[in-house]
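Engineer: Below are the C-alpha cells for one structure; questions will follow.
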Amino acid sequence: MDILYTNADGLLNKLDELKSRIYACKVKPSIIAVTEVKHKNKWDINMAELSIDGYTFFANNYDENPRGIINYVRNDILCKQVELESGCMENIVLEIQVNKNNKLHLGTVYRSPNSTDDNNKAVLNFISKFSTYSGYKLILGDFNCPNINWDTWCASSPFELKFLDTLRKNFLTQYVDKPTRARGDDTPHILDLVISEENFLQNLSYESPLGKSDHCVLMFDCKVHTSKQNYYTVKRALSKGDYDGLRASLNNDWIGMLQQHDGNVEAMWQLFKGELEDKIDQYVPIANNFNFKKESWTRPLDIKVRHKISGKHRLWKKYMRSRDPTVFKQYKSARNAVRKDIKKELKKHQLYIAKQSKKNPKMFWKYINNKRKGRSDIGDLKSYDSHGNEVLITSDEDKANALGQFFSSVFTMKHKQHMIRRT
C-alpha cells in the first residue's frame, strides 16, 4: 500500500500539481494525506473542488478548524472514517481493512506552532487513545516540533519532552530522519512525522514540495495488503426476460394481501417489494461476467512535464544536501516551469472539452459535475436501540434505515379534517 503525505500550505492552488504527480506515479497511491489544506487568509470554496478522480475524500470540519486536513483513499479500498474523542483540534482517523481480517488505523494530525496548552494536552491524549486501537497503527502529520533530536530522542521544550515521553509509553517509533521543511536561509527542521507501533513501513522517500510550499512530500510503502471493494453489481439480461410470465405471476389479489397489514405502510411496502423481487429473480436472468471495471486516467500527463517534475525532485534533493543558494535558485526556476506547464496542460484540456461540448455534451457535464460533486462516504453513526442504549451503526443498510427512521420522525401528521380537497 503506497502512501503520499504532505503539508500543502493551501491546497486549492496546488491541486493540479498534486493530480499531475499522481498521473506521473508508476503506481497510483493508495492513500494521500494532506495537512494545512486551507489558505491562511481566505477560504470560500465548495469542497467538491478538492475532489480527485478515482478517490474518496475524508475531511475534518473546515468551519471549526483553522487550517484543515483531507485524506484521499482510492475508491477500491475498504475504508471508513471513525471518531476518536480526544479534544485534539485538528485530526482525522480512518479505519482501513487490510490483510483480509485485520485493520489499519490511520491518524492524520496538524498541530499549529501557536497551539494552546489545552490543545497540546489534547494532542498527547489523541496519541495515547489512538494507541489503544487493535491491528496496525499509523500516525502522520505536522506536529511542529523543530527542536527534537530524533537521533538521540532528546528535546528542550516542555511540550516536546512530553511528546517524546508519550511516544515511549505507547511503544511508538518515529521514522522521518531528514528535514522536511526548508525556507530560504532558515535552518531545515523535521516537522512532518511518520509514527507507527510496528515496523511495517519501507522505502520512505523525500520528494520536492507542492508549488511554493516549504514542506517536502513524503512517500512510503506499507507492507500490508488492502481489502478491495467489491465492484460487482447485479445486472439483468433484460433481452432474455420472460415478461409475459412475469406479468402473469404478478396478477395477484393485491388488495386482499395488503389489507392484512391494516394500514401499516412500511409492512405493505416490504410485502410488495419482496413479492416483486422474487418474481424478477424467477423470470429475468442475471447477466454473467459483468464485474469488469477498467481503471484509466482521465487525462494522461505529457512526457515532457513528467521529465520536468523529475528534474524538480532532483534539484530539491540536491539543495537539501548542499544548502547551496545557487542550487536553490535552479530549483525555483524548475518549480515555476513545472507550475507553468501544468497550468498550460489544464487550459489545453479545458479548451478541448469546450470544443467538444456540442458533439459530446456528456464529456462537458462530467467535467462540470466533477467540480460540483465530491465522493465522500458516510462514516459510522451513533443511535439508540429500543432499550435506550447507545449503539454504533456500521453497515450501509443499517445506516440507511437509521437515517430513514430519523427523517420520518420529524414529519408531522395532518388530520383529515384540516386537509383541503382540490376540486
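Since every read-out is calculated from the coordinates, none of them should be taken as a lab result. Please read these numbers as outputs of a predicted model, since none were measured by experiment.
Engineer: Over region 176-272, what is the mean sequence separation of C-alpha contacts under 8 Å (at least six apart), divided by residue count, expressed as relative contact order in percent?
Structural biologist: Worked out over region 176-272, it gives 16 percent.
Engineer: To the nearest 10 degrees, how steep is helix 158-169 against the longest Cα principal axis of the chain, on a 0 to 90 scale?
Structural biologist: 60
Engineer: Relative to the longest principal axis of the chain, what angle (0 to 90°, nearest 10) does the C-alpha long axis of helix 117-130 take?
Structural biologist: The two axes meet at around 60 degrees.
Engineer: OK, next. For a bin width of 10 Å, list the pair-distance distribution of the chain built from all Cα-Cα distances, rounded to whole %.
Structural biologist: The distribution over the chain is 4, 16, 25, 22, 15, 10, 6, 2, 0, given as percents.
Engineer: Could you tell me the center-to-center distance, by alpha carbons, between region 114-137 and region 20-97 in angstrom?
Structural biologist: Cα centroid of region 114-137 versus Cα centroid of region 20-97: 19 Å apart.
Engineer: Also, quick follow-up: Once the Cα gyration tensor of region 238-283 is diagonalised, what are the square roots of 5 times its eigenvalues, in whole Å and ordered largest first, as equivalent ellipsoid semi-axes?
Structural biologist: The three semi-axes for region 238-283 are 24, 11, 6 Å.
Engineer: Related question: Using only the Cα atoms of region 2-222, build the gyration tensor, take square roots of its eigenvalues as a ≥ b ≥ c, and label the shape rounded, prolate or oblate: rounded if a/c is under 1.5, else prolate if a/b is larger than b/c, else oblate.
Structural biologist: Cα axes put region 2-222 in the rounded bin.
Engineer: Over the chain, with a Gaussian network built from C-alpha contacts below 10 Å, which listed residue (SER128, SER395, SER30) shows the highest mean-square fluctuation?
Structural biologist: SER395
Engineer: So, one more: So for region 2-222, averaging the separation of alpha carbon pairs under 8 Å that are six or more residues apart and normalising by length, what relative contact order in percent results?
Structural biologist: 19
Engineer: Using helices alone, I'd like the mean residue ellipticity at 222 nm for the chain: each DSSP H run of four-plus residues gives -39500 (n - 2.57), total over residue count, nearest 500.
Structural biologist: Helix contribution divided over all residues of the chain: -11000 deg cm²/dmol.
Engineer: For a quick check: with amide H placed at 1.01 Å from N, whose amide H comes under 5 Å from HIS189's, ignoring anything fewer than 5 positions away on the same chain?
Structural biologist: Distant-sequence amide H within range of HIS189: THR180, ARG181.
Engineer: Working from Cα positions, state the angle (0 to 90°, nearest 10) between the long axis of helix 325-356 and the longest principal axis of the chain.
Structural biologist: Relative to the chain, helix 325-356 is tipped by roughly 20 degrees.
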